[in-house]
1. Return the pair list, or none, for Cβ contacts closer than 7 Å from residues in region 94-116 that are surrounded by fewer than 17 Cβ atoms within 10 Å (Cβ to Cβ) to residues that are modelled with pLDDT under 90, at least 6 apart or on different chains.
2. Quick check on my filter: what residues within region 55-70 are modelled with pLDDT of 95 or more and within 17 Å of Gly183 (Cα to Cα)?
3. Please specify each residue of region 167-187 satisfying the condition of being in contact with a Cys (Cβ under 7 Å, 6 or more places away or on another chain) and aliphatic (A, V, I, L, M).
4. Kindly state which helices (runs of 4 or more DSSP H) lie completely within region 57-174 and contain at least 1 residues that are under 15 Å from Lys32 (Cα atoms) and touching a Leu at 6+ places or on another chain (Cβ under 8 Å).
5. So, Thr86, is that one modelled with pLDDT under 90, hydroxyl-bearing (Ser, Thr, Tyr) and surrounded by 18 or more Cβ atoms within 10 Å (Cβ to Cβ) or not?
6. Out of (1) in a helix (DSSP H, G or I); (2) at pLDDT 90 or above, what's the single condition that is false for Leu198?
7. Answer with yes or no whether Lys23 is of a type in the set (Lys, Arg) and modelled with pLDDT under 90.
8. Evaluate region 124-137: report whether one residue or more is out of contact with any Gly (no Cβ under 6 Å at 6 or more places or on another chain), loosely packed, with under 15 Cβ neighbours inside 10 Å and under 25 Å from Thr30 (Cα atoms).
Amino acid sequence: MIALSLLLPLASRAAPEAAACGKDCPSAETVKRIEQLRRPLPATTGYTEVRFVQMLDAPLILRGELSYSSANELGKRVVSPYQETTTIANGQVEITRPGKPVKRFSLKRAPALVGFLESFSATLAGDAQRLARSYALSSEGNDLQWQLQLVPRDAALAKHVKRVVISGQEAVPQCFEIEESGGDSSLLLVDALADTPLPAAPQRDALQQLCHRTL
């Protein structure tokens, strides 16, 4: 299964309309915070991803670059500990590795990846309405240091993604933490935190403290 560190209209189409969110509609403060995150396109950022997979003895650490071109297109280039490029565009996923055949498949086969693409792209677009269609939203913190929590509304997505937590400073997201319903998780450090030195076997609680350090 493709890990979660890499969001898309597929999830939005399956989820209820924002007007139907009822008592779960995001607060005005949460909406304002999301709108302040809007970035011009195209956008690129370095990243360090730490995957916590139950079947592995130690976390997997990946480093590389994310490129965000539109609401439907995201690129992820891994440079360490191996080389791999994943491109998501128009509902399709393409994975290339040096010396290996190109892999292509529908994004529908990777619901966890759908969850990340939707949250990542809608956040960088500052689109609170789009996020509210796919997730129940809540926030805490202040303008200097904040955290957003996204819980899937759609039952099909919730089978794979338990929640997404986005942390940042001022108008810049710096951490995307994805908890899978099966117990695995992935934490993506971006922007100013992308080059953070890490131990060989980082602990999840220590990374969470790094992301939420002033909350």
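The values are calculated or read from the model by the stated rules, or taken from the named source; none is laboratory data. Everything numeric here is computed off the predicted structure, so don't read it as measured data. A quick note on method: Cβ atoms are made from the backbone with ideal geometry, for glycine too, and the neighbour counts reach across all protein chains shown.
1. Every condition considered, the pairs that remain are Ser106/Gly91; Lys108/Leu10.
2. The initial filter retains those residues of region 55-70 that are modelled with pLDDT of 95 or more, namely 59-65.
Pro59, Leu60 - these are the residues of region 55-70 that are modelled with pLDDT of 95 or more and within 17 Å of Gly183 (Cα to Cα).
3. Correct list: Leu187 only.
4. Because the criterion is at least 1 residues that are under 15 Å from Lys32 (Cα atoms) and touching a Leu at 6+ places or on another chain (Cβ under 8 Å), the helices (runs of 4 or more DSSP H) in region 57-174 that meet it are 111-124, 128-134.
5. Details: modelled with pLDDT under 90: no; hydroxyl-bearing (Ser, Thr, Tyr): yes; surrounded by 18 or more Cβ atoms within 10 Å (Cβ to Cβ): yes.
Here the answer is no, as Thr86 does not meet what is asked.
6. (1)
7. Yes.
8. For region 124-137, residues out of contact with any Gly (no Cβ under 6 Å at 6 or more places or on another chain), loosely packed, with under 15 Cβ neighbours inside 10 Å and under 25 Å from Thr30 (Cα atoms): absent.
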